[in-house]
1. Residues that are over 24 Å from LYS248 (Cβ atoms), among the aromatic types (Phe, Trp, Tyr) and modelled with pLDDT under 90: which strands (runs of 3 or more DSSP E) entirely in region 158-238 hold 3 or more of them?
2. What residue, of VAL194, VAL180, is over 22 Å from VAL73 (Cβ atoms) and buried (at least 18 other Cβ atoms within 10 Å of the Cβ)?
3. What number of residues in region 143-163 are touching a Leu at 6+ places or on another chain (Cβ under 8 Å) and over 17 Å from ALA83 (Cα atoms)?
4. What are the residue pairs meeting all of these: first residue in region 141-155, first residue in contact (Cβ under 8 Å) with a residue 12 or more places away in the chain, second residue assigned to a loop (DSSP other than H, G, I, E, B) and among the aromatic types (Phe, Trp, Tyr), Cβ atoms under 6 Å, and 6 or more apart or on different chains?
5. From the list GLU77, GLU111, which one is in contact (Cβ under 8 Å) with a residue 40 or more places away in the chain, farther than 22 Å from TYR283 by Cα and not in a loop (DSSP other than H, G, I, E, B)?
6. Tell me yes or no: at least one residue of region 22-36 is more than 24 Å from MET113 (Cβ to Cβ), in contact with a Leu (Cβ under 9 Å, 6 or more places away or on another chain) and either among the hydrophobic types (A, V, I, L, M, F, W, C) or touching a residue at least 12 places away in the same chain (Cβ under 8 Å) (or both).
7. Which residues, counting only those in region 1-16, are closer than 11 Å to TRP91 by Cβ and in a loop (DSSP other than H, G, I, E, B)?
8. Considering region 139-157 alone, what residues qualify as being of a type outside the set (A, V, I, L, M) and assigned to a strand (DSSP E or B)?
Amino acid sequence: MKVTGFSFVRNAIKFDYPIVEAVTSILPLCDEFIVAVGNSEDDTLNLIKSINSPKIKIIETVWDDSLREGGRVLALETDKAFAAISPDTDWAFYIQGDEVVHEKYYAAIFEAMKKWKDNDRVEGLLFKYLHFYGSYDFIGDSRKWYRREIRVLKYNKDIRSFRDAQGFRLGNKIMQVKPVDAYIYHYGWVKPPVLQQAKQQHFHKMWHNDDWMEKNIPKTDQFDYSQIDSLANFTGTHPAVMKDRINKKNWTFDFDPAKKRFSIKACLICWIEKNTGFKIGEYKNYRIVK
């Protein structure tokens with residue numbers, strides 16, 4: 001069984017992406033790893049080279065910054081990495097530059113890949129998510145956070161990244177998946193407030209024009225983490241590859257999880273979701289195989 005990891009990245013140092021941790025977190029499960037490194041304003045290329053693994057293959061790309069509709073450029077960069085995967089691959093393991101897998105899930109992921117490898121009905125594996133916010137001590141627990149997404153794909157050259165690279169399609173078809181008992185740890189909302197604000201100002205340009213940016217992105221040097229509706233305390237452990245990054249944290253974010261900033265309607269919806277597991281109006285870019 002051959003497994004190939006793939007990812008894309010640009011300006012990882014400038015915007016403090018944990019791309020090294022992301023790649024190394026799934027490297028033990030991969031036989032090779034494709035990283036599409038975009039034209040950066042920092043030393044991202046050498047950062048990826050510093051991982052120094054014979055499994056890693058780097059392709060250098062140029063982003064089309066004119067693509068501002070729905071984050072389409074992110075999907076195109078994902079597709080460039082996917083296109084470089086060897087055709088003898090059985091499973092393609094996708095990881096974004098702010099996502100990390102805990103080593104405690106390696107066995108479950110490997111067993112799922114082995115179990116479903118020869119089942120033609122299963123086209124991918126569906127992961128659960130933990131979205132960290134503000135610091136490494138809190139996770140988002142409101143309905144604004146997506147709960148699950150495909151991150152392991154049975155290799156097929158017709159697979160394409162969908163919309164803003166959150167998910168995938170096989171041609172124009174929603175992919176059929178099996179859930180795997182493993183989480184993706186998403187750290188995109190944990191970084192120094194100055195860098196988080198810089199990321200927001202840059203990132204939203206991939207979706208919106210200058211008028212929208214002018215009206216919706218505050219002109220400030222630091223991101224205001226306090227403007228969040230609901231968080232919960234994180235009581236587990238972080239992936240081992242995150243240890244050094246977490247130890248270097250140099251800002252403070254405090255939040256009282258007991259305080260919820262919900263409307264009455266939102267409170268009712270939240271209660272239903274937490275007590276039934278049914279998420280009203282949930283976006284699902286996949287179909288779970290029974």
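The values are calculated or read from the model by the stated rules, or taken from the named source; none is laboratory data. No experiment lies behind these values; they were computed from the predicted model shown. Don't worry about glycine lacking a Cβ; one is built from the backbone with ideal geometry, like all the others, and counts go over all protein chains shown.
1. Strands (runs of 3 or more DSSP E) meeting the threshold: none at all.
2. Working: VAL194 fails: buried (at least 18 other Cβ atoms within 10 Å of the Cβ).
From the options VAL194, VAL180, the qualifying one is VAL180.
3. Selection size over region 143-163: 3.
4. Qualifying pairs under 6 Å: ILE150/TYR286.
5. The match here is GLU77.
6. Residues of region 22-36 that are more than 24 Å from MET113 (Cβ to Cβ), as a first pass: none.
For region 22-36, residues more than 24 Å from MET113 (Cβ to Cβ), in contact with a Leu (Cβ under 9 Å, 6 or more places away or on another chain) and either among the hydrophobic types (A, V, I, L, M, F, W, C) or touching a residue at least 12 places away in the same chain (Cβ under 8 Å) (or both): absent.
7. MET1, LYS2
8. GLY140, ARG148, GLU149, ARG151, LYS154
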